[in-house]
Amino acid sequence: MCGIVGIMANHDVASTIYECLTILQHRGQDAAGIATCHGRKLELVKGNGLVSDVFKTKNTIRLEGNAGVGHVRYPTAGSSNLEEAQPFYVNSPFGMAFAHNGNLHNSEQLTKELFAEDRRHINTQSDSEVLLNVFAHELANASGLVITPEAVFHAIKRVHKRCQGAYAGVLLIPNYGIVAFRDPNGIRPLVYGVRRSPDGDEYMVASESVALDLHHFEMLGDVAPGECIIITQDRQLHRQVCAEKTQLSPCVFEFVYFARPDSMIDDVSVHKARLRMGEKLAERIKERWAGEDIDVVIPIPESSRTAAIPLAYSLGVKFREGFIKNHYIGRTFIMPGQEQRVQSVRRKLNAVELEFRGKNVLLVDDSIVRGTTSQQIIQMARDAGAKKVFFASAAPPVRYPNVYGIDMPISDELIAHNRSEEEIGKLLGADRLIYQTLEDLEAACWEGNPKIDRFDSSCFSNDYVTDVSDEYFVSIGLKRNDSAKMNDV
């Protein structure tokens with residue numbers, strides 16, 4: 001999962017992109033980068049770490065130009081190599097910088113094709129570099145000495161034919177403009193907006209609408225599945241759906257966990273979707289736990305809070321903040337190694353003992369992945385004096401890996417894989433455990449936009465939107481297991 005932004009304005013855009021990346025920082029804390037264009041000159045600054053760590057006055061003063069793209073990186077296979085920080089650059093044709101969110105599951109085959117047939121060399125293990133080179137090759141074939149919207153649209157059509165998986169991308173082409181596109185299934189989010197100005201309209205594309213809100217861009221909508229948007233240097237907007245078959249299949253985990261609650265994704269309010277998740281989970285608890293005496297509902301900070309509030313209200317139980325979060329610790333389920341994850345949970349959260357002592361506590365989390373975090377939190381609640389500890393997940397059991405840009409582990413490392421709800425509860429150490437149903441989760445999101453064709457819920461259902469080969473599952477298993485990640489540290 002990554003965050004991307006692209007801006008075409010009538011002034012220097014580096015500082016605006018920087019601020020947008022800070023807003024999108026939750027989508028990736030591994031690396032960050034910005035590329036800008038001044039005339040035909042393209043400047044690029046990127047590095048490992050948070051946005052505030054990467055960009056300093058001495059290395060960003062050269063980021064001039066009224067067009068640019070930015071990226072915050074979340075590694076999908078555990079690697080934190082500087083060479084895989086984005087944006088990526090390729091010099092032929094025309095020169096271009098590229099920022100990508102998603103994951104291709106046929107990148108190995110594409111790498112072979114690019115070398116053997118297209119005469120292009122891939123220098124990293126990143127599928128983003130593969131995607132960039134596919135586009136660059138197809139644009140070279142489609143255009144002459146001058147780029148036209150028709151040539152760009154043709155190149156994107158070829159990208160859709162060749163690339164399989166999830167991708168939302170934004171390209172910066174010097175002296176031409178910004179190109180943004182989204183895969184034919186619309187799995188990863190991408191929105192765009194305009195800011196009216198006497199000096200000419202300015203445009204932004206970004207992973208989430210909050211980036212547009214920050215600088216008062218009016219949201220025009222979501223980039224449609226298979227659509228390509230071009231914003232030229234003279235700030236003309238061109239749009240075309242470039243895929244033969246499309247369906248709107250957004251990743252449901254965006255609404256569960258990744259997206260900020262104040263974002264709109266595919267015309268669905270993330271905040272309202274999470275409120276509905278809490279309401280539906282409360283109804284399930286009433287049906288199945290009618291005899292349980294719950295004294296207090298406590299959320300696991302931060303993303304479960306929105307669901308926990310209406311859940312507590314519906315149950316007629318007090319809502320309390322029982323854990324204080326250290327905001328300077330990264331997301332634990334992507335950290336390499338079990339021991340490091342356990343240590344990070346204890347560093348990240350501290351219990352407010354008064355909210356637990358002598359009480360039957362219902363803890364609410366957005367989801368359970370490996371179970372490491374949940375185990376530790378349940379034990380912390382007991383150590384703080386809780387009489388009973390119940391646990392509720394606003395998402396269904398995560399039983400399968402994600403292949404569309406989320407670094408979920410292999411199935412064997414998922415606590416819910418091949419286990420019943422009761423078995424999982426015992427492993428976690430909870431007195432009782434309850435999950436949201438997949439039907440209720442999808443209904444909570446669908447209510448915001450009934451026009452959504454389906455959701456990518458593959459990590460819950462094993463039903464993948466695209467045709468993923470068995471060989472690919474084997475390959476990601478080798479890359480994503482804890483041993484492989486510890487070797488990358």
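The values are calculated or read from the model by the stated rules, or taken from the named source; none is laboratory data. None of these values were measured; they are calculated from a predicted model. Here the Cβ positions follow ideal geometry from the backbone for every residue, glycine too, while neighbour counts run over all protein chains shown.
Could you tell me which numbered condition ILE23 fails, if it satisfies all but one of (1) without any contact (Cβ under 8 Å) to a residue 40 or more places away in the chain; (2) closer than 24 Å to ALA259 by Cα?
That leaves (1) as the condition not met.
Could you run through the stretch 164-189 and say how many residues are of a type in the set (Phe, Trp, Tyr) and surrounded by fewer than 24 Cβ atoms within 10 Å (Cβ to Cβ)?
1
Within the bounds of the stretch 428-448, is there any residue that is buried (at least 18 other Cβ atoms within 10 Å of the Cβ), in a helix (DSSP H, G or I) and out of contact with any Lys or Arg (no Cβ under 9 Å at 6 or more places or on another chain)?
yes
Is there any pair linking a residue in the stretch 434-445 that is touching a residue at least 12 places away in the same chain (Cβ under 8 Å) to one that is surrounded by fewer than 20 Cβ atoms within 10 Å (Cβ to Cβ) and basic (Lys, Arg), with Cβ under 8 Å and at least six apart or on different chains, and which?
ILE434/ARG284; ILE434/ARG288; GLN436/ARG284; THR437/ARG284; ASP440/ARG284
Is it true that some residue in the stretch 148-157 is of a type outside the set (Gly, Ala, Ser), within 25 Å of the chain's Cα centre (by Cα), surrounded by fewer than 24 Cβ atoms within 10 Å (Cβ to Cβ) and at pLDDT 95 or above?
yes
Got at least one residue in the stretch 391-410 being at pLDDT below 95, in a helix (DSSP H, G or I) and under 18 Å from ASP127 (Cβ atoms)?
No; the residues of the stretch 391-410 include none that is at pLDDT below 95, in a helix (DSSP H, G or I) and under 18 Å from ASP127 (Cβ atoms).
Can you name the residue in the stretch 301-321 that is of a type outside the set (Asp, Glu) and not in a helix (DSSP H, G or I) and is also nearest to ARG276 (Cα to Cα) among such residues?
If we take residues in the stretch 301-321 being of a type outside the set (Asp, Glu) and not in a helix (DSSP H, G or I), then SER304 is nearest to ARG276 (Cα to Cα).
Which one is surrounded by the fewest Cβ atoms within 10 Å (Cβ to Cβ) among residues in the stretch 83-138 that are out of contact with any strand residue (DSSP E or B) (no Cβ under 6 Å at 6 or more places or on another chain) and of a type in the set (Ser, Thr, Tyr)?
Among those residues, the one meeting the criterion is SER92.
Condition check: under 19 Å from the mean Cα position of the chain (by Cα) and surrounded by fewer than 19 Cβ atoms within 10 Å (Cβ to Cβ). Does ARG454 satisfy that?
yes
Can you pull out the residues in the stretch 347-369 that are part of a loop (DSSP other than H, G, I, E, B) and crowded, with 20+ Cβ neighbours inside 10 Å?
PHE356, LYS359, ASP366, SER367, ILE368, VAL369
Suppose we filter ARG158, ARG235, ARG182, ARG195 for residues that are of a type in the set (D, E, K, R) and over 14 Å from GLY6 (Cα atoms); which single one remains?
Result of the check over ARG158, ARG235, ARG182, ARG195: ARG158.
Counting just the residues of the stretch 8-42 that are more than 15 Å from SER209 (Cα to Cα) and basic (Lys, Arg), which one comes out surrounded by the fewest Cβ atoms within 10 Å (Cβ to Cβ)?
ARG40
What do you reckon, is VAL361 modelled with pLDDT of 95 or more and touching an Asp or Glu at 6+ places or on another chain (Cβ under 9 Å)?
So VAL361 passes the test.
So, ILE410, is that one within 19 Å of the chain's Cα centre (by Cα) and more than 27 Å from ALA273 (Cα to Cα) or not?
Yes: the conditions hold for ILE410.
Hey, among the residues in the stretch 247-290 that are of a type in the set (Ser, Thr, Tyr) and touching a Pro at 6+ places or on another chain (Cβ under 9 Å), which one's surrounded by the fewest Cβ atoms within 10 Å (Cβ to Cβ)?
SER269
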